[in-house]
């Protein structure tokens, strides 16, 4: 199954949105961080350093891998202000109007890593709900890396088509865009998992 039609791509979008919804809900239950996931969409683009830099902007890049029936890289990108607000919640800091991340602040870096470890665990819980296909998002220290600035290597191959799924995330009135980046094989695995459960239900 390849992700070649709008219907098949929607399966990927729906699964990624579910991952973000579960991950942010779990953050809320643990830290009292209140956020929402609104819309989502998908585009297939040729991977390049410039593309990753534009998607990342001033946000945080989370690099890890999918394990199970399919193995390969998966990236998440969180906007700086959104993640800054989440870090503030995790560190029990009072809310600020313009939250941000300081890559030089060791506490910010550690909090971001802990949040992303939890997020990947939440993602695996969502994927495990789709029992038809065994898929997991790695939380291993060998795979999971959080970057608060652009990096040279992301695990994706320049020139290859990747699937860029965005979701609108909001804290209060502030709405921003987060991303999940998948290889063609990863998107196919997500599509097969979600489509399989849709047929079963």
Legend entry - Fewest-first ranking of 147, 70, using other Cβ atoms within 10 Å as the exposure measure: 147, 70
Legend entry - Cα Rg, Dmax, the chain, angstrom units: 16.0, 48
Inset, instruction - Whole Å is fine, so just give me how far the alpha carbon centre of segment 142-192 lies from that of segment 102-116. - result: 19 Å
Inset, instruction - May I ask you to derive the relative contact order of the chain, considering only C-alpha pairs under 8 Å and at least 6 residues apart, and to give it as an integer percent? - result: 35 percent
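Since every read-out is calculated from the coordinates, none of them should be taken as a lab result. This one's a predicted model, so the numbers in the text were calculated from it and none came from an experiment. We place every Cβ from the backbone using ideal geometry, glycine too, and count neighbours over all the protein chains shown.
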